[in-house]
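The values are calculated or read from the model by the stated rules, or taken from the named source; none is laboratory data. All values derive from a computational prediction rather than experimental measurement. A quick note on method: Cβ atoms are made from the backbone with ideal geometry, for glycine too, and the neighbour counts reach across all protein chains shown.
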Amino acid sequence: MSKRTEQVSKLLRQEINNILIKDFEPPAGTLISVADVTVAPDLKKATAYLSVIPENKIGSSLEIIKKFGRHIQHQINHTLKMQIIPQIEWKIDERSIKYQKIEDALKQ
């Protein structure tokens, strides 16, 4: 990953989380945040990896974020001063799920 894509990833992660905090009302009893953002080398596409607590709300939360994603994209398009602003794709960050399974297995 080049320095530029790292900078854009970090900036997008920060901006998306700020928008989620300011404008998004998650379903009751659910916490949604952006765990990581990866950006394509040409800066045209980005993937935002979501962390959702509790795990049983992952599917519904992803659908809600995908719908709210239009608002996030619009806000980012107006906030960031870049020639190319990446289009954001939404995915679940499965690392936290894997880490929890490993931790549970180690406790046994």
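Name the residues in the stretch 23-76 that are in contact with a Leu (Cβ under 9 Å, 6 or more places away or on another chain), under 23 Å from Met1 (Cβ atoms) and either surrounded by fewer than 18 Cβ atoms within 10 Å (Cβ to Cβ) or among the polar types (S, T, N, Q) (or both), would you?
Answer for the stretch 23-76, where residues must be in contact with a Leu (Cβ under 9 Å, 6 or more places away or on another chain), under 23 Å from Met1 (Cβ atoms) and either surrounded by fewer than 18 Cβ atoms within 10 Å (Cβ to Cβ) or among the polar types (S, T, N, Q) (or both): Ser33, Ala35, Ser51.
Search the stretch 35-79 for residues being in a helix (DSSP H, G or I) and hydroxyl-bearing (Ser, Thr, Tyr), and hand back the single one that is farthest from the chain's Cα centre (by Cα).
Thr79
Might you check whether a residue that is of a type in the set (Gly, Ala, Ser), under 17 Å from Leu80 (Cβ atoms) and touching a residue at least 12 places away in the same chain (Cβ under 8 Å) occurs anywhere in the stretch 20-43?
Looking for residues that are of a type in the set (Gly, Ala, Ser), under 17 Å from Leu80 (Cβ atoms) and touching a residue at least 12 places away in the same chain (Cβ under 8 Å), one finds at least one in the stretch 20-43, hence yes.
Being in contact (Cβ under 8 Å) with a residue 12 or more places away in the chain, in a strand (DSSP E or B) and either among the β-branched types (Val, Ile, Thr) or surrounded by 12 or more Cβ atoms within 10 Å (Cβ to Cβ) (or both) is the requirement here; does Lys91 meet it?
Numbers: in contact (Cβ under 8 Å) with a residue 12 or more places away in the chain: yes; in a strand (DSSP E or B): yes; either among the β-branched types (Val, Ile, Thr) or surrounded by 12 or more Cβ atoms within 10 Å (Cβ to Cβ) (or both): yes.
In short, yes.
Out of everything in the stretch 94-108 that is basic (Lys, Arg) and either loosely packed, with under 12 Cβ neighbours inside 10 Å or over 26 Å from Ala40 (Cβ atoms) (or both), what residue ends up being modelled with the highest pLDDT?
The qualifying residue modelled with the highest pLDDT is Lys107.
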